[in-house]
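Report on the structure given below.
The values are calculated or read from the model by the stated rules, or taken from the named source; none is laboratory data. A quick note: this is a predicted structure, and the numbers were derived from the prediction, not measured. So basically every Cβ, Gly included, is an ideal-geometry build from the backbone, and we count neighbours across all protein chains shown. Remember, those area values only see protein heavy atoms, side chains included, never the ligands or the DNA or RNA. Shrake-Rupley method; radii C 1.70, N 1.55, O 1.52, S 1.80 Å.
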Amino acid sequence: MDLQTLWFVLIAVLWGGYFLLEGFDFGVGMLLPFLPRDEGERRVMFETIGPVWDGNEVWLVTAGGATFAAFPAWYGTMFSGYYIALLLVLLFLIIRAVSFEWRSKSDSPRWRAIWLWANAVGSFGAPLVWGVGLAALLYGVPINSSGDFTGDFWDLFSGYTVVAGLAVVLIFAFHGATFLTLRTIGDLYERAAAAAGKLSIAAAAVGAAFLVWTIVVAVDNNDKNVFWPVLPAALAIAALVLAVVFVYLRRSGWAFVMTASGVVLAVATLFTSLYPRVMVSSTAFGNSLTVDNVSSAHYTLEVISVVALICIPLILVYQGWTYHVFRHRLGGESPGPDPSAEPSPGAPGQPAA
């Protein structure tokens with residue numbers, strides 16, 4: 001594997017890590033206005049993600065930095081063409097970040113409601129735009145022979161990219177609900193389990209539609225052989241279907257493992273469908289950006305590979321320890337489900353209920 005391909009894979013891994021971890025953060029945020037019944041339960045929901053949400057965003061910063069270092073031409077074209085979309089994401093992330101801090105500055109119910117809804121709006125808006133924007137890389141955007149984006153904000157939208165945005169929102173909401181079943185007890189746990197059940201079929205159906213459509217777009221718009229994209233897509237669909245089954249069986253730990261797997265495999269499907277291109281041109285296919293014509297010099301790739309080899313394990317160890325420290329269930333005095341009923345491999349909370 002050459003360094004250009006290695007860094008394309010690494011960027012895909014970083015996006016997968018970001019969507020896996022920030023995905024349940026966003027999901028919890030989207031459910032904030034609907035699940036809790038009192039201020040105590042709202043506080044508990046904030047506390048389930050409070051210690052980890054900002055650390056999860058390190059994956060996004062790292063993905064952006066890796067793209068800039070390894071593929072500067074891709075970074076330049078994408079960030080100029082996606083300028084408005086990225087501003088929207090930044091706005092949603094800022095609103096969400098501020099809500100964690102400002103909500104506790106007053107005991108006024110109206111003040112707290114404003115920042116609760118701000119968190120929910122930010123948690124809904126950011127993944128919606130991410131889904132549309134990343135899917136547009138594959139569907140195609142106007143790029144001229146010089147590699148410059150020549151369209152506008154509305155060129156990011158098509159039937160496929162809108163379905164992609166909705167799929168990301170639904171899967172994240174489902175992912176967040178399964179996460180809450182691992183971190184809460186009592187009545188809040190029961191409502192989180194019920195929400196997971198209600199979201200599961202819609203998330204699996206829309207997610208499957210997006211994944212199948214991704215394969216079609218990869219073949220039609222990106223001249224891909226159907227074999228490679230279909231492998232992660234089939235696994236992702238299977239994971240989402242199993243998540244539905246485990247939710248209805250009340251196997252919370254396994255349900256979370258399956259939603260997490262579905263998220264990562266969906267990202268793998270998109271990047272597998274994209275390679276060896278990084279942005280497909282809708283103007284002329286020959287204008288598409290590839291890993292070869294947008295990469296940095298070989299020496300630069302060697303240097304940043306050494307840096308990544310040192311830094312990424314440190315990030316993984318730090319985040320793993322953080323999740324270990326904040327692994328306990330939260331809630332009131334209700335004993336809730338027996339957390340020792342079944343071991344749950346890979347879950348960041350207590351074992352499955």
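Points worth noting:
- Of the chymotrypsin sites (Phe, Trp or Tyr not before Pro) found in segment 1-66, those that fall in a DSSP loop while having at most 12 other beta-carbon atoms within 10 Å are Phe34.
- Efficiency of FRET between Met1 and Tyr248 - r from beta-carbon atoms, R0 41 angstrom, step 0.05: 0.50
- When the surface is traced with a 1.4 Å probe over the full set of protein chains, Arg191 keeps roughly 50 Å² accessible.
- Around the amide H of Thr290, modelled in the peptide plane, lie the amide H atoms of Val278, all under 5 Å away and 5 or more residues distant in sequence or on another chain.
- Note that segment 8-17 has calculated 3J(HN,Hα) couplings of 4, 5, 4, 5, 4, 5, 5, 5, x, x Hz, one per residue in order, obtained from phi through the Karplus relation 6.51 cos²θ - 1.76 cosθ + 1.60 (θ = phi - 60°); glycine and proline are x.
- Global geometry of segment 196-326, whether rounded, prolate or oblate, following the gyration tensor of its Cα atoms and the 1.5 cut on a/c: oblate
- Ligands, DNA and RNA aside, Leu14 has an accessible area near 10 Å² when probed at 1.4 Å.
- Largest to smallest in accessible area, the residues Arg110, Arg183, Arg43 fall in the order Arg110, Arg43, Arg183 (1.4 Å probe, all protein chains included).
- Each residue of segment 103-118 was assigned a 3J(HN,Hα) from its phi angle through the Karplus curve 6.51 cos²θ - 1.76 cosθ + 1.60 (θ = phi - 60°); the sequence is 4, 7, 7, 8, 8, 5, x, 5, 4, 5, 5, 4, 7, 5, 5, 4 Hz, with glycine and proline shown as x.
- The residues His324, His298, His175, sorted by heavy-atom accessible surface at 1.4 Å with ligands and nucleic acids left out, run His298, His324, His175 from largest to smallest.
- Placed amide H near Thr184: partners under 5 Å, 5+ positions off or other chain: Leu330
- Residue-level accessible surface for Asp292, protein heavy atoms, 1.4 Å, Å²: 110
- Spacing of the modelled spin labels on Phe153 and Glu47, each 7 Å from Cα toward Cβ, amounts to 4.0 nm.
- The chain - percent of accessible surface contributed by carbon and sulfur, probe 1.4 Å: 69
- Relative contact order of segment 11-152, defined on C-alpha pairs under 8 angstrom at six or more residues apart (%): 30
- Average accessible surface area per residue within the chain, 1.4 Å rolling probe, Å²: 43
- Normalising the average separation of contacting C-alpha pairs (under 8 angstrom, six or more residues apart) by the number of residues puts the relative contact order of segment 181-322 at 20 percent.
- Between Asp54 and Lys198, residue separation times 0.36 nm minus the direct Cα-Cα distance comes to 49.0 nm.
- Gyration tensor verdict on the chain (Cα atoms; rounded if a/c is under 1.5, prolate if a/b is larger than b/c, oblate otherwise): prolate
- Cα centroid separation, segment 54-74 to segment 99-176: 18 Å.
- Using θ = phi - 60° and Karplus 6.51 cos²θ - 1.76 cosθ + 1.60, couplings along segment 24-35 (whole Hz; Gly, Pro as x): 6, 4, 4, x, 4, x, 5, 8, 3, x, 10, 7
- Over the chain: helical MRE at 222 nm, DSSP H runs n ≥ 4 each giving -39500 (n - 2.57), nearest 500: -25000 deg cm²/dmol
- Amide H to amide H distances under 5 Å link Phe71 with Ser296, where only residues 5 or more positions off or on other chains count and H is placed in the peptide plane.
- Between Lys105 and Cys311, the contour length at 0.36 nm per residue exceeds the alpha carbon distance by 70.6 nm.
- Cα gyration tensor category, rounded, prolate or oblate, for segment 77-234 with a/c compared to 1.5: oblate
- Maximal additional length on extending the Ile114-Tyr299 stretch stands at 61.6 nm, based on 0.36 nm per residue less the C-alpha distance.
- Percentage relative contact order, the chain, counting C-alpha pairs under 8 Å, at least six apart: 23
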